[in-house]
């Protein structure tokens, strides 16, 4: 199976706010490129020390606004593979105030809510659920990690990672960390920041339309504002 990767150019969102846990610092104003790492396995095995909390007993999480989110990585990915939809992943924790802000403001917006429900499979992954795991697939030759795979898997190695390891493997630097995975299961980009609804809608379109294959986010955003 031939595998290709898409490397995004750096692009700026000036309104991104503070990342959870870094109240005295401004969040990065850049959606970072997703680049496959030569030491992806070593990074995946790293651990972040987080406070212990009781595990979420249910697999799926229904928000107060009625949105259904998969809390189990593998279950969500299987659903995405079946429906051939892109995947949106929100890594979160009970103590993350900016995660709650996104839930109450960004995800609760009627237009955002409908777009996520109609066009995406959504996962909300608790980084403190230490006994929960998810499977990714790594191409040994090209060092590419997948959320799930489409078609032949003969040249891929399955790896079971904890929720924390999944976030770090995708390049997560804090909470919330947000992943955009295409309909073939390939991670396109990760963002570690709160995103207000105004920018989030543009970002959804950028990834869902696969505009990243031909332009930068800055150029795309400017074109939508004209």
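The values are calculated or read from the model by the stated rules, or taken from the named source; none is laboratory data. Because the structure is predicted, anything quoted here is derived from the model rather than measured. Note that each Cβ is placed from the backbone with ideal geometry, even for glycine, and that neighbours are counted across all protein chains shown.
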Worksheet item: Looking at this structure, is residue 177 touching a strand residue (DSSP E or B) at 6+ places or on another chain (Cβ under 9 Å), modelled with pLDDT under 95, closer than 23 Å to residue 79 by Cα and crowded, with 19+ Cβ neighbours inside 10 Å?
Response: no
Response to the item:
Okay, helices (runs of 4 or more DSSP H) sitting entirely in the stretch 35-124 with 1 or more residues that are at pLDDT below 90 and more than 15 Å from residue 197 (Cβ to Cβ), I get 40-44
Worksheet item: Listed residues 178, 204; which is in a helix (DSSP H, G or I) and either more than 24 Å from residue 126 (Cα to Cα) or in contact (Cβ under 8 Å) with a residue 12 or more places away in the chain (or both)?
Response: 204
Discussion item. Residues that are closer than 21 Å to residue 85 by Cβ, surrounded by fewer than 19 Cβ atoms within 10 Å (Cβ to Cβ) and free of Cβ contacts under 8 Å to residues at least 60 places away in the same chain: does the stretch 121-144 have at least one?
Written reply: yes
Fill in: Among the candidates 109, 72, residue that is surrounded by 16 or more Cβ atoms within 10 Å (Cβ to Cβ) and in contact with a strand residue (DSSP E or B) (Cβ under 8 Å, 6 or more places away or on another chain)
72
